[in-house]
Amino acid sequence: MRLQHILIPAALVSLVAVSAYSEETDRYRLEKSANGYVRMDTQTGALSLCEERSGQLVCKVAADERAAFQDEIDRLQTSMKAMDERVTKLENSLSARLESKLPSEEDFNKTMSYMERFLRGFMGIVKDMDKDNGGGAQLNAQKT
C-alpha cells in the first residue's frame, strides 16, 4: 500500500518533467546558413544568429530584434522617468498639505492659554469641593 503512494506521485512528476523537456526541445529550430546557423523560437518567432566557437554554439540576437529591444528599453526608461517625476510631485504636494494644516505659533499659544484657564478653573472647583467636605478627602486618603 505504501509503495503505491510513492510510485504514483513519482510517475506523475516524471511525466511532467518529460513533457516540459519535450516542449523546450521542440521550441527552437536550427537551420544551417552560410555563416553558421539561424535559430528560430517557434513560440515567439524570434531569430538568433548562431556560430560554432570552440565546439559550442554561440547565438546572438538578430539586429532587427535588438532594435526592438532597445525601443522597448527606451520606452520603459521614459515611463520610469515620468513616474519618478510624478512621485516627487506627489510627495512635495503631500508635505506642503501637511505643513499647511499645522497650527501657527499664535494658534498654538492661544490653545495652550485656553487649556491653562480650563485646568485652573477645574482645580479651583476641586479645592472648593474639598473645603465644603471639610477636608474629608484628605483624611480618607491617609487611612488607606
Inset, instruction - Scan Ala34, Ala20 and give me the residue that is modelled with pLDDT of 80 or more and aliphatic (A, V, I, L, M). - result: Ala34
Legend entry - Top-ranked residue in the range 99-113 [being exposed (fewer than 10 other Cβ atoms within 10 Å of the Cβ) and assigned to a helix (DSSP H, G or I); ranked as modelled with the highest pLDDT]: Glu106
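Table: residues versus (1) exposed (fewer than 10 other Cβ atoms within 10 Å of the Cβ); (2) among the basic types (Lys, Arg).
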| site | (1), (2) |
| --- | --- |
| Arg27 | no, yes |
| Lys32 | yes, yes |
| Gly36 | no, no |
| Ser48 | no, no |
| Glu52 | no, no |
| Cys59 | no, no |
| Ala68 | no, no |
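The values are calculated or read from the model by the stated rules, or taken from the named source; none is laboratory data. Here the structure is a predicted model, which is why all the values come from computation and not from measurement. For neighbour counting, all protein chains shown are included, and Cβ atoms are generated from backbone atoms with ideal geometry for every residue, glycine included.
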